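Take a look at the structure set out below.
Quick note: the coordinates plus some simple rules give every number you see, no bench work behind them. Predicted model only: the values in this text are computed from it and were never measured. Every residue, glycine as well, gets a Cβ built from its backbone with ideal geometry; the counts of neighbours run over all protein chains shown.
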Amino acid sequence: MRIFRFAGLMLILLSLSVACLAAEMTKDGFPLVTSEQLKGLLDSKEQIVLIDARTAQEYQESHIPTAISIPLPALEKNSSLLTAAKNARLLFYCNGIKCGKSGKSALIARSLGYTDISIYADGIPVWEEKAYPLYTGPDYDKTVKTSMIKPAVVEALLDNAPATLTVVDVRDTKEFTEGHVPGAINIPVEVFASRSGVLDKGKQIVVYCNSGGRSYNAYRKLQKLAYPNIAQMIFADWQSDGLPVTK
């Protein structure tokens, strides 16, 4: 009886292992590489061809060391840009888990006969967030002008069209629990990129903090993650307007 129970337990563990392995693949069957795995590959000087599928301008602003730039539109027009040997290990990345450029580039590589293809889905935003080595160009620290939104406008949207936006409190969890905008979700700025998968690109994303510093950083991360409709709000303005606060 114990043997049967042990066999059953082993089957369950095997099924879970297979499920975990399956979860580490894209829908098109490409293995996913984590940030830690990629850093380990680079530290060990593993023979990989790391390909940045973003635009040339984004590549010049910042990219992972050793990466080469082959923007997706350029590869779609000219597949000969992939010059590596067919048995080379290719690893594509772009602007995070909702950026499809790396996946589309990988499909082109597969059609050309490459068989060892992986994807670093977290991309530049998470790599940067983890403070891993990063090449930065002269425009990297250039100040961007954020799109500010008034608290009264946000309140009206939350009351009348809540499905059109997501309000994100980027302060730490303690600050959030002490008082936040009703309906807001909490993603601390320190882990904003890595947890950004919960945010719908079809909605307006409004980020806020107490005075603007952390929400500015979150706003920049949203830009790099290619969210099309983003705005910044100041929580101090929300409070000074006498608007409701949830604790």
- Query: If you count the DSSP beta bridges with both ends in segment 26-136, what percent of them are antiparallel, to the nearest 5?
  - Reply: 15
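Helix-only estimate, please: 222 nm mean residue ellipticity of the chain, summing -39500 (n - 2.57) across DSSP H runs of length 4 or more and dividing by its residues, to the nearest 500. Write out the running numbers ahead of the final one.
Working: 10 runs with 95 residues, N = 247.
Calculated from helices alone, the mean residue ellipticity at 222 nm is -11000 deg cm²/dmol.
For the pairs Lys77/Lys98; Lys142/Lys247; Lys86/Lys201, note any where the Cα-Cα span goes beyond 25 Å. Write out the running numbers ahead of the final one.
Working: Lys77/Lys98 23 Å; Lys142/Lys247 36 Å; Lys86/Lys201 36 Å.
From Lys77/Lys98; Lys142/Lys247; Lys86/Lys201, over 25 Å: Lys142/Lys247; Lys86/Lys201.
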- Item | Surface/4 estimate of mean projected area, convex hull on alpha-carbon atoms of segment 117-163, nm² | 6.6
- Task: Please state, to two decimals, what the Cα-based radius of gyration of segment 166-234 comes to when divided by 2.2 N^0.38 Å (N = residues).
- Result: 0.97
- Note on the structure: Rounded to whole angstrom, the alpha-carbon centroid of segment 197-244 lies from that of segment 84-128 at a distance of 30
- Note on the structure: If one compares the long axis through the Cα atoms of helix 2-23 with the longest principal axis of the Cα atoms of the chain, the angle in degrees, nearest 10, works out at 70
- Sorted largest first, the Cα spans of segment 26-136 on the principal axes come out in Å as 34, 28, 25
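For each of Ser196, Ser211, count neighbouring Cβ atoms within 10 Å of the residue's Cβ, then give the residues from fewest to most. Could you put the intermediate results ahead of the total?
Working: Ser196 25, Ser211 12.
Lowest count first: Ser211, Ser196.
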- Query: P(r) of segment 110-247 in 5 Å steps, Cα pairs, percent per bin?
  - Reply: 2, 9, 19, 21, 18, 12, 8, 5, 3, 2, 1, 0, 0
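Suppose a student asked you for the relative contact order of segment 65-186, using Cα pairs under 8 Å spaced at least 6 residues apart; what percent would you report? Please list the in-between numbers first.
Values: 103 pairs, mean separation 22.5, N = 122.
In percent, rounded to a whole number, it is 18.
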- Bridge orientation stat for segment 94-247 from DSSP, antiparallel percent rounded to 5, came to 5
- Can you tell me the relative contact order of the chain? Whole percent, Cα pairs under 8 Å, sequence separation 6 or more. 16
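Obtain the radius of gyration and the Kirkwood radius of segment 90-148 from its C-alpha atoms and give Rg over Rh.
Working: Rg = 14.7 Å, Rh = 13.4 Å.
Value, to two decimals: 1.10.
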- Query: Across bins of 5 angstrom width beginning at 0, how are the C-alpha pair distances of the chain distributed, in whole percent?
  - Reply: 1, 6, 12, 14, 15, 12, 10, 10, 8, 6, 4, 2, 1, 0
